[in-house]
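Data block below; observations after.
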Amino acid sequence: MAETMAGTEADLARVLSRHAPLVIAVSGGVDSLTLATFAGRIAPVTVAHAVSPAVPDEATRRVRRLAAQEGWTLQVIEAGEFADPDYLRNPLNRCYFCKRNLYARIRSVTAGVIAAGTNTDDLGEYRPGLAAAGENGVVHPYVEAGMSKADLRGLAARLGLDGIASLPAQPCLASRVETGIPIRAEDLAFIDRVETLMRAAAAPGAPADLRCRLTRDGVRIETSEALSDATLARVTALCREAGRSWAGVAPYRRGSAFVARGGR
């Protein structure tokens, strides 16, 4: 295993050397933070992080902390997707419009090669953002090096990014809104508030997969562990305070708000 991983890292290093000068689009999740850390320990690296109502504040704080620690050149930009009516109407391919705006904004501030944290596991999923990446010449070093999600988590651990290596999947807050329900900044702020509350209340070491979904039936909590009565009471109280319908609790299921019932 050690020899295999050493070879994988050597492959990734060779891929990165082909794409200099590199600008890494960093969201604040394990994939892009690991890529930036690995690249930055080989050569100086520029990192672009986009802020918007769809990006949790904690993700931005995580990027800033690691940038200061690792000595990256950090460019924080406005993502710009909230000025795009195609994005706001939340169609099935919403991610395409999000990434189209993101990469255009990054391109406006740099001439470097834009790299993303896409890994081989992502290629088997519906990822409309990959089309926007292709249109903007974005490269995917993990894919070129044949690295999966498990591979990059192992790399993160070897780089000493222990807290980051174990981060759960953290897609943008807009992914919690059922397809076809318009994206609104106040809805995303509510989602972030509820999920922050639930994470804080979770038992140490408990499974971290949880989502606050906005559906046509109301707010639905999805979690891979049982909510305590106290946490459930606090969540339902937040819903009442915000004037939102309560749709109950269900087991966590990845992407369950992505497609609305009855079509797009």
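Every number here is computed from the coordinates shown, using simple stated rules; none is lab data. From a predicted model like this one, the values you see are computed outputs, not experimental measurements. Note that each Cβ is placed from the backbone with ideal geometry, even for glycine, and that neighbours are counted across all protein chains shown.
Brief remarks on what is shown
- Over region 2-165: Kirkwood hydrodynamic radius from C-alpha pairwise inverse distances, Å: 16.0 Å
- Likely footprinting exposure, Thr34, Thr46, fewest C-beta neighbours within 10 Å first: Thr46, Thr34
- Under a model in which nothing but the beta-carbon of Lys, Arg (+1) and Asp, Glu (-1) is charged, region 2-165 shows a dipole of about 320 debye around its Cα centre.
- Protection-proxy order for peptides 58-68, 115-125, each taking the mean of Cβ atoms within 10 Å per residue, highest first: 115-125, 58-68
- Listed by Cβ neighbour count within 10 Å, with the fewest neighbours leading, His19, His140, His49 appear as His19, His140, His49.
- Degrees, to the nearest 10: 229-241 long Cα axis against longest axis of the chain: 80 degrees
- Estimated vicinal HN-Hα couplings, Hz - region 188-202 in sequence order (Karplus 6.51, -1.76, 1.60; Gly, Pro = x): 5, 5, 5, 4, 4, 5, 5, 5, 4, 4, 5, 5, 5, 8, 5
- Dipole axis of the chain (+1 Lys, Arg; -1 Asp, Glu on Cβ), positive-most option in Ile181, Leu159, Val143: Ile181
- Whole-Å distance, taken between Cα centres, linking region 36-87 and region 226-255: 30 Å
- The magnitude of the dipole of region 173-251, with charges of +1 and -1 set on the Cβ of Lys/Arg and Asp/Glu and taken from the Cα centre, is near 140 debye.
- Degrees between helix 57-70 axis and first principal axis of the chain (Cα, 0 to 90, nearest 10): 20 degrees
- Amide H partners (placed H, <5 Å) of Gly28, local residues excluded: Leu33
- Where only DSSP H runs of four or more residues are counted, the chain gives -13500 deg cm²/dmol as its mean residue ellipticity at 222 nm, each run worth -39500 (n - 2.57).
- Nonlocal amide H pairs with Val23, under 5 Å, H built at 1.01 Å: Val113, Ile114, Ala115
- Using alpha-carbon coordinates, inclination of helix 94-109 to the longest axis of the chain, degrees: 40 degrees
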